[in-house]
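The values are calculated or read from the model by the stated rules, or taken from the named source; none is laboratory data. All values reported here derive from a predicted model rather than from experimental measurement. So basically every Cβ, Gly included, is an ideal-geometry build from the backbone, and we count neighbours across all protein chains shown.
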């Protein structure tokens with residue numbers, strides 16, 4: 001495995017091949033916890049790893065240098081997937097001083113007894129000389145925690161970007177030019193949609209601050225290192241944080257006795273027939289992970305939500321997905337609610353209420369069908385699909 005970014009700057013993190021759930025994020029391609037070792041007149045470690053893998057990190061460090069040679073440990077982010085192993089790591093590095101901002105140290109004190117740690121609170125005005133290299137810092141509050149920051153090596157134009165620009169992707173390769181770029185970008189998009197979307201305004205401010213930094217390499221805390229395509233991921237973040245729409249219609253639904261399924265298929269048919277320029281996707285919530293639904297939702301222009309009524313509520317799995325989507329605060333979509341019921345249409349009413357409360361724009365009145373859809377119901381669903389396609393095209397033209 002190639003770990004060298006440039007001479008004397010190496011990846012020393014851990015590849016977690018088997019993780020499949022990351023606080024409800026579906027990591028079907030695994031994950032990495034990236035740490036970086038900088039060897040110079042002084043030696044610095046950028047970030048730790050998840051607690052169970054601290055020993056592996058220390059072993060990787062010893063393959064490059066003696067543990068008592070490490071002078072600094074930088075903590076860009078206090079979340080346990082990066083800082084969970086920090087206590088064990090600092091205990092094994094007798095001469096290391098922890099570098100972090102004030103808010104980060106406050107957060108770390110909530111996880112550890114930091115009273116015996118050697119610490120130095122840094123600010124964006126500070127510059128830590130290592131010898132040939134130096135460390136500079138960019139505070140990035142709420143991208144995606146209040147204490148988040150970037151670390152930058154101006155001499156090599158390397159940005160250690162914390163969670164920004166990352167992906168959950170386990171691979172034996174370490175760099176973007178060693179792997180299929182389309183997969184990397186898909187995983188980066190999935191990561192953004194499920195983790196970063198609620199903080200898009202803060203991302204835009206951070207991108208403005210980072211624009212002043214010349215970048216040859218972006219080294220995130222998860223996934224592959226951007227050494228060939230750093231510009232591509234920066235541009236993608238501009239699109240995602242700006243709420244750029246694609247001509248895409250999603251049909252997200254759950255069915256009980258196939259009646260809502262029939263309507264969903266009719267909405268699909270109507271949207272597909274309206275325009276060849278539209279990407280239409282049918283997503284049954286009990287057969288499609290919420291992680292993927294969110295990834296596709298990021299740049300979708302229009303969405304249909306469908307549900308059967310169960311116990312005077314919408315179907316429970318769809319309700320859970322909607323709760324998840326509400327928290328992610330996607331850019332407003334064009335939307336339509338549909339579904340079936342036995343003796344009370346409350347499920348569809350709740351869907352329509354969700355659309356209104358979220359601030360999305362209805363393309364048509366909701367369609368609630370008692371028991372089995374009749375030909376006129378199917379015709380209405382098809383027309384609703386066409387209206388969604390037209391709305392998607394209109395959003396993408398602005």
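With respect to the numbered conditions (1) buried (at least 21 other Cβ atoms within 10 Å of the Cβ); (2) part of a loop (DSSP other than H, G, I, E, B), which one is the sole condition not fulfilled by residue 44?
The single condition residue 44 does not satisfy is (2).
Here is a yes/no grid of residues against (1) without any contact (Cβ under 8 Å) to a residue 40 or more places away in the chain; (2) out of contact with any strand residue (DSSP E or B) (no Cβ under 9 Å at 6 or more places or on another chain); (3) outside the structural domain of residue 316 (by TED's automatic domain parsing); (4) closer than 30 Å to residue 77 by Cβ:
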position: 260; (1), (2), (3), (4): no, no, no, no
position: 268; (1), (2), (3), (4): no, no, no, no
position: 275; (1), (2), (3), (4): no, no, no, no
position: 283; (1), (2), (3), (4): yes, no, no, no
position: 293; (1), (2), (3), (4): no, no, no, yes
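Among the residues of region 203-248, which ones are buried (at least 19 other Cβ atoms within 10 Å of the Cβ), part of a loop (DSSP other than H, G, I, E, B) and within 16 Å of the chain's Cα centre (by Cα)?
Hits for region 203-248 are 220, 221, 222, 223, 224.
Any idea which residue in region 136-149 is farthest from residue 207 (Cα to Cα), counting only those that are in a strand (DSSP E or B) and more than 17 Å from the chain's Cα centre (by Cα)?
Ranking the candidates gives 136 first.
Which of the residues spanning region 265-278 are surrounded by 16 or more Cβ atoms within 10 Å (Cβ to Cβ) and outside any helix (DSSP H, G or I)?
Scanning region 265-278 gives a single hit, 278.
Please pick out the residue among 367, 351, 328 that is touching a residue at least 40 places away in the same chain (Cβ under 8 Å) and surrounded by fewer than 22 Cβ atoms within 10 Å (Cβ to Cβ).
328
State yes or no: is residue 287 assigned to a loop (DSSP other than H, G, I, E, B), in contact (Cβ under 8 Å) with a residue 60 or more places away in the chain, surrounded by fewer than 17 Cβ atoms within 10 Å (Cβ to Cβ) and more than 19 Å from the chain's Cα centre (by Cα)?
No; evaluated as a whole, the condition is false for this residue.
Scanning for something touching a residue at least 12 places away in the same chain (Cβ under 8 Å), in a strand (DSSP E or B) and more than 26 Å from residue 179 (Cα to Cα), does region 12-29 turn up at least one residue?
Taking every residue of region 12-29 in turn, none turns out to be touching a residue at least 12 places away in the same chain (Cβ under 8 Å), in a strand (DSSP E or B) and more than 26 Å from residue 179 (Cα to Cα).
Residue 262 fails exactly one of the following numbered conditions: (1) assigned to a helix (DSSP H, G or I); (2) within 26 Å of residue 17 (Cα to Cα). What is the number of that condition?
So residue 262 meets the others, but not (2).
Inside region 30-41, can you point out the residues that are surrounded by fewer than 23 Cβ atoms within 10 Å (Cβ to Cβ) and in a loop (DSSP other than H, G, I, E, B)?
Within region 30-41, 30, 40, 41 meet the criteria.
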